[in-house]
1. Residues A:215, A:266, A:239: which one is within 14 Å of chain B (Cβ to nearest Cβ) and touching a Gly at 6+ places or on another chain (Cβ under 7 Å)?
2. Out of all the residues in the stretch A:87-96, which are touching a helix residue (DSSP H, G or I) at 6+ places or on another chain (Cβ under 8 Å), in a loop (DSSP other than H, G, I, E, B) and not polar (S, T, N, Q)?
3. For residue B:310, which of the numbered conditions (1) under 30 Å from residue A:169 (Cα atoms); (2) in a helix (DSSP H, G or I); (3) charged (D, E, K, R) fails to hold?
4. Given the structure, is residue A:128 more than 10 Å from chain B (Cβ to nearest Cβ), more than 19 Å from the chain's Cα centre (by Cα) and hydroxyl-bearing (Ser, Thr, Tyr)?
5. Assigned by TED's automatic domain parsing to the domain that holds residue A:243, buried (at least 16 other Cβ atoms within 10 Å of the Cβ) and not in a helix (DSSP H, G or I): which single residue out of A:61, A:99 fits that description?
6. (1) within 12 Å of chain A (Cβ to nearest Cβ); (2) at pLDDT below 65; (3) surrounded by fewer than 19 Cβ atoms within 10 Å (Cβ to Cβ): which one isn't true of residue B:66, the others all being true?
7. Which members of the stretch A:199-209 meet the condition of being surrounded by fewer than 24 Cβ atoms within 10 Å (Cβ to Cβ) and out of contact with any Leu (no Cβ under 9 Å at 6 or more places or on another chain)?
8. Which members of the stretch A:102-125 meet the condition of being of a type in the set (D, E, K, R), within 13 Å of another protein chain (Cβ to nearest Cβ) and surrounded by fewer than 20 Cβ atoms within 10 Å (Cβ to Cβ)?
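The values are calculated or read from the model by the stated rules, or taken from the named source; none is laboratory data. Remember, predicted model here, so these are calculated numbers, not experimental data. Reconstructed Cβ throughout: ideal geometry from the backbone, glycine too, with neighbour counts over all protein chains shown.
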Amino acid sequence: MKAKFIVLILFLIVITGFKYSEKITIKGSDTMVFLSQKWAEKFMQKNPDVLIQVSGGGSGIGITALINGTTDICNSSRPIKTNEVRKLMEKYGTTGVEINCAIDGIIIYVNEKNGVSNLSLSQLKDIYRGKITNWKEVGGKNARIVLYSRENNSGTYVYFKDIILNGEDYSPFCQNLPGTASVVNAVSKDEHAIGYGGFGYTKNVKMLKINNVEPTIDNIQSGLYPISRYLYMYLRNQPTGLIKKYIDWILSPEGQQIVRESGFFPIK
Amino acid sequence: MKNIRKILPKKISIFEFFVENSIKAIALLSLAFILGIFYFVFQESYWAFKPEKNKLKYQNIQKPLKHTDEIYSNGEIYFDDELRPEKYPPDTNRSNLLLNRSDSVKINIINPIDEGKKISLHRYSSGNEKAISFWDLIKANDIIEGEPAYIWQPISVEPKYNILSLIFGSFKVSLIGIIIAFPISVLAALFTIAFAPKWLREIIKPVVEILAGLPTVVIGFFCLTVLSGYFEELFNTQLRLNAFLGGIGLSIVIVPIVYTLVEDALYIVPKHLSEASLALGANRWQTAYKVLLPAALPGVFAALLMGFGRAFGETMIALMITGNAAVITANIFDSVRTMAATIGSEMAEVEYRSIHYGVLFIIGSVLFIITFSINAIAEFIFRKKLLNKYRGY
């Protein structure tokens with residue numbers, strides 16, 4: 001009985017080994033996990049002999065994995081930092097390879113019942129700095145503004161701070177939540193709330209116009225909408241073989257179509 | 001006689017010797033392990049006071065643009081002396097300032113861009129951090145509306161590491177938790193010991209103890225999705241996620257712990273005390289309240305402290321439902337940020353051996369010292385008192 005079992009396991013190992021002749025591992029940004037999985041699924045459908053493993057964890061963790069050699073491709077929602085490039089340099093003698101694979105619009109959400117539909121960048125800054133604390137100061141009801149933000153380990157947190165707050169501090173009353181999904185969930189339930197996050201998550205909340213520009217696909221792609229960023233993939237070396245095929249496919253119209261379906265924007 | 005010899009051989013076999021000593025070794029190892037953790041946590045705190053050189057720092061960079069600097073169409077700028085990765089496919093979005101200027105100013109974050117114009121950017125780049133002192137951890141480090149404020153803002157051009165607001169947050173939410181949980185669990189324990197029929201006791205005790213095994217993330221999720229909306233309506237609060245909701249979540253965790261400990265304490269009160277009380281004509285409530293409870297009092301205190309210690313270190317629930325805003329206010333419906341939640345959320349991305357890293361370990365040490373002393377008081381003073389009283393040690 002035991003022997004049969006062992007034989008069966010060996011058999012399975014051999015079979016799976018034969019089935020996937022090639023394997024790619026991808027790790028990194030939580031923002032991009034969904035998109036990355038969709039890419040992998042479609043690509044594996046077209047190439048049944050390829051196995052692509054996608055996992056999240058955060059941009060920083062993905063880049064660390066790239067440096068340690070435990071992943072082939074790293075997803076990142078922020079550009080690689082100089083000292084991370086330096087580490088790659090020390091270990092592999094390359095500066096790494098950066099691929100801009102999609103554009104993400106940062107959307108400002110409010111509750112559906114909120115009467116405010118437009119904020120200027122400076123109003124947004126004052127709100128998150130804690131200088132404007134009541135909705136009536138920006139044309140809404142007389143109620144305290146409830147601020148939601150991401151935790152400070154998130155790439156989006158730092159991006160928002162750079163671009164909107166101009167590097168200054170968030171208000172101490174800002175509530176920090178883990179993950180965009182929890183911010184959206186909180187805003188959808190809280191009448192006086194405001195939050196920020198990606199375009200991919202906009203269930204039951206209202207998207208604000210910024211400087212009178214609506215966050216539509218066209219506006220974000222053309223750069224008219226003022227808050228958007230690139231999403232990146234990083235490699236250790238210039239791609240060859242299967243990885244090159246995969247990345248070329250991602251950058252092709254077919255791959256970029258999936259970007260659109262996942263709530264992000266194609267780079268071209 | 002012969003039979004006893006068979007069961008208990010006088011000579012210790014090699015096997016028994018081996019087992020006995022390995023048990024001893026494992027016990028000592030676990031002690032050493034605890035000491036090792038202590039040592040590690042304290043040692044790593046050291047980096048807050050003397051950080052390694054050339055650490056990533058969130059800083060403001062101001063310098064004039066050169067034509068070799070690179071600008072991306074979304075407004076990102078890289079100076080030519082920064083180490084940047086290669087591009088694939090080569091040079092699609094990257095534009096050199098002079099070659100493709102019109103394309104680069106699509107997004108007006110830094111606008112207009114001209115060569116030689118001084119620009120100011122915020123960037124993580126390497127630099128030497130200024131070491132902090134103990135005083136920096138507790139002094140007021142900002143002024144908001146004329147009042148001194150205690151701010152936790154580790155990612156900032158001027159990082160602010162005030163841990164008072166975090167210690168306050170931990171105490172606030174755990175106090176609320178224990179205030180809710182303690183009466184419930186003491187009454188429940190009294191009920192099971194003094195009032196419940198035997199068959200009911202045999203159901204209640206295991207069920208409550210199963211509750212102790214519930215993953216805290218599940219409790220957090222339940223509070224986040226179900227209880228939060230309910231309490232918001234009930235108390236008409238401004239903030240949906242607040243210290244009170246956190247306290248409710250924590251009480252779900254600590255009720256089974258306090259219950260079990262109080263129940264144990266009541267259980268070791270000798271039967272003859274309650275029997276004598278009943279025989280003298282006291283009713284059940286009088287017996288429970290005037291005989292059982294005073295007799296078990298040290299154990300009840302121990303349970304209180306241990307429940308508090310458990311709440312103090314709880315991470316996941318605090319992270320999910322307290323709102324994580326580090327403010328010191330008296331209102332129980334304001335958000336708080338606890339020490340454990342801070343470590344939990346920030347440790348993953350912090351740079352190794354930077355000041356922020358060291359400060360997180362200092363928070364860890366403080367947390368360790370507080371929970372350790374609470375548990376030590378509970379164990380060595382109150383529980384020992386109780387056991388001494390009735391076991392005759």
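1. Numbers: A:266 fails: touching a Gly at 6+ places or on another chain (Cβ under 7 Å); A:239 fails: touching a Gly at 6+ places or on another chain (Cβ under 7 Å).
Only one candidate qualifies: A:215.
2. Of everything in the stretch A:87-96, just one residue is touching a helix residue (DSSP H, G or I) at 6+ places or on another chain (Cβ under 8 Å), in a loop (DSSP other than H, G, I, E, B) and not polar (S, T, N, Q), namely A:96.
3. (1)
4. Numbers: more than 10 Å from chain B (Cβ to nearest Cβ): yes; more than 19 Å from the chain's Cα centre (by Cα): yes; hydroxyl-bearing (Ser, Thr, Tyr): yes.
Answer is yes for this residue.
5. On the way: A:61 fails: not in a helix (DSSP H, G or I).
It is A:99.
6. (1)
7. Filtering the stretch A:199-209 for residues surrounded by fewer than 24 Cβ atoms within 10 Å (Cβ to Cβ) gives A:199-204, A:206-209.
Across the stretch A:199-209, the qualifying residues are A:199, A:201, A:202, A:203, A:204, A:206, A:207.
8. In the first step, residues of the stretch A:102-125 are kept if they are of a type in the set (D, E, K, R); the result is A:104, A:112-113, A:125.
Applying the additional criterion that residues be within 13 Å of another protein chain (Cβ to nearest Cβ) yields A:104, A:125.
The answer is A:125, and nothing else.
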